[in-house]
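Q: After the structure tokens below, expect a handful of questions from me.
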Amino acid sequence: MSKKFMVLALAVVSAAFFALPAMASAQEIHLEPAEAFSVAGSGGELRGEGEPTITCTTTGGTGKYDTGSTTTGTATLDFTGCHTSVFGFTASCNTSGAASGTITSSGAFHLITISSGVPGVLLTTTPTTIICAGISNIAVTGNVIGTITSPKCGESSKVLTLSFTATGTVQNHLTYTGTKYDLLSKTGSGENKTSSLVSTGGVTNTQANSGKLNCT
């Protein structure tokens, strides 16, 4: 059995975070003011079809918006306590150079509208390689779409709360402006396969001052 997994990226996710094509600008949303933020969460799951799940216990990191932007930026995330179970044995997972059990990822994020009145975030991860003891390296690429559960459109808060959900190994939100955005993972020399990220307790981005989520 191949050992493929997806990365957390999250929440993100937080995120590894993420870039968005210019064509999507018609449905972007804005946090005003948008400031540098810290990331925190209780971890999550990295799922791959027919494969053991990678579980991480905590999420941390930092992020910032691009100069002059209230919708797009970059972030670095550290997922800690990461491990998987293979044939009854627990294997620690990490990225190269990171401590045992720590997966570090970075990338860009873009605030978007998932559907009418529902704010979200599109995360596009920098290619990340995960190393789990006794398993071939796992290469993770692609995108994850999550929901902003708080604040609601038109409301203000210092804390942006994100939720990443999936049905099995398929992310619940996959399309934006008619384009499919998928998270992919490949173990060793195997093929890329759809994977999913689930934030078990949510992910928060906290900035110094309250920002209003403008979805119009």
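The values are calculated or read from the model by the stated rules, or taken from the named source; none is laboratory data. Bear in mind that the values here come from a model prediction, so they are computed numbers and not experimental data. All Cβ positions, glycine included, derive from the backbone under ideal geometry; neighbour counts span all protein chains shown.
Q: Looking at region 115-124, can you tell me whether even one residue there is within 20 Å of Glu35 (Cα to Cα), out of contact with any strand residue (DSSP E or B) (no Cβ under 6 Å at 6 or more places or on another chain) and part of a strand (DSSP E or B)?
A: Checked against the condition, which is being within 20 Å of Glu35 (Cα to Cα), out of contact with any strand residue (DSSP E or B) (no Cβ under 6 Å at 6 or more places or on another chain) and part of a strand (DSSP E or B), region 115-124 yields no hits at all.
Q: Looking at region 191-204, is at least one residue exposed (fewer than 14 other Cβ atoms within 10 Å of the Cβ), basic (Lys, Arg) and farther than 24 Å from Ser42 by Cα?
A: Checked region 191-204: no residue is exposed (fewer than 14 other Cβ atoms within 10 Å of the Cβ), basic (Lys, Arg) and farther than 24 Å from Ser42 by Cα.
Q: I need every pair where a residue in region 119-137 that is touching a residue at least 12 places away in the same chain (Cβ under 8 Å) has its Cβ under 9 Å from the Cβ of a residue that is part of a loop (DSSP other than H, G, I, E, B) and among the β-branched types (Val, Ile, Thr), sequence separation at least 6 or different chains.
A: That search, which allows pairs on different chains as well, returns Pro119/Ile29; Gly120/Ile29; Thr125/Val7; Thr128/Val7; Thr129/Val7; Ile130/Val7.
Q: Here is a follow-up. Given (1) at pLDDT 90 or above; (2) crowded, with 19+ Cβ neighbours inside 10 Å; (3) within 20 Å of Gly97 (Cβ to Cβ), identify the lone condition not met by Thr169.
A: The failed condition is (3).
Q: If you don't mind, another one. Among Gly97, Gly154, which is free of Cβ contacts under 8 Å to residues at least 24 places away in the same chain, surrounded by fewer than 22 Cβ atoms within 10 Å (Cβ to Cβ) and not in a strand (DSSP E or B)? Break it down into steps so the answer makes sense when it comes.
A: On the way: Gly154 fails: free of Cβ contacts under 8 Å to residues at least 24 places away in the same chain.
After applying the criteria, what remains is Gly97.
Q: May I ask you to list the residues in region 176-190 that are assigned to a strand (DSSP E or B), in contact (Cβ under 8 Å) with a residue 24 or more places away in the chain and surrounded by fewer than 16 Cβ atoms within 10 Å (Cβ to Cβ)? I'd like the intermediate steps shown before the answer.
A: Pass one, region 176-190, residues assigned to a strand (DSSP E or B): 176, 179-180, 183-187.
Remaining after also requiring in contact (Cβ under 8 Å) with a residue 24 or more places away in the chain: 176, 179, 183-187.
Of everything in region 176-190, just one residue is assigned to a strand (DSSP E or B), in contact (Cβ under 8 Å) with a residue 24 or more places away in the chain and surrounded by fewer than 16 Cβ atoms within 10 Å (Cβ to Cβ), namely Thr179.
Q: Here's a follow-up. On the basis of being at pLDDT 95 or above and of a type outside the set (Lys, Arg), does Thr175 make the cut? Reasoning before the result, please.
A: On the way: at pLDDT 95 or above: no; of a type outside the set (Lys, Arg): yes.
Taking the combined requirement at face value, the residue does not satisfy it.
Q: Being out of contact with any helix residue (DSSP H, G or I) (no Cβ under 6 Å at 6 or more places or on another chain), modelled with pLDDT of 95 or more and of a type in the set (Lys, Arg) is true for just one of Lys180, Lys158, Lys193. Which residue is that? Steps first, answer last, please.
A: Numbers: Lys180 fails: modelled with pLDDT of 95 or more; Lys193 fails: modelled with pLDDT of 95 or more.
Of the residues listed, the single one that is out of contact with any helix residue (DSSP H, G or I) (no Cβ under 6 Å at 6 or more places or on another chain), modelled with pLDDT of 95 or more and of a type in the set (Lys, Arg) is Lys158.
Q: Separate question: Which residues, counting only those in region 129-139, are modelled with pLDDT of 90 or more and either crowded, with 21+ Cβ neighbours inside 10 Å or among the small types (Gly, Ala, Ser) (or both)? Even if it seems obvious, please write down each step before you answer.
A: To start, the set of residues in region 129-139 that are modelled with pLDDT of 90 or more comprises 129-132.
Result: Ile130, Cys132.
Q: Right, another one. Among the numbered conditions (1) touching a Gly at 6+ places or on another chain (Cβ under 8 Å); (2) free of Cβ contacts under 8 Å to residues at least 40 places away in the same chain, tell me where Glu49 comes up short.
A: Unmet for Glu49, out of (1) touching a Gly at 6+ places or on another chain (Cβ under 8 Å); (2) free of Cβ contacts under 8 Å to residues at least 40 places away in the same chain: (2).
Q: Residues of region 113-128 being more than 15 Å from the chain's Cα centre (by Cα) and surrounded by 15 or more Cβ atoms within 10 Å (Cβ to Cβ), which ones?
A: Of all residues in region 113-128, those more than 15 Å from the chain's Cα centre (by Cα) come to 113-119.
Within region 113-128, Thr113, Ile114, Val118, Pro119 meet the criteria.
Q: Follow-up question, since we're still on this one. Residues in region 77-94 that are within 27 Å of His30 (Cα to Cα) and free of Cβ contacts under 8 Å to residues at least 40 places away in the same chain: how many?
A: So the answer is 1.
Q: Just to be sure I understand the filter: pairs with C-beta atoms under 6 Å, separated by 6 or more residues or on different chains, first member in region 60-71 and at pLDDT 95 or above, second member of a type in the set (Phe, Trp, Tyr). Which pairs pass?
A: What qualifies is Gly63/Phe37.
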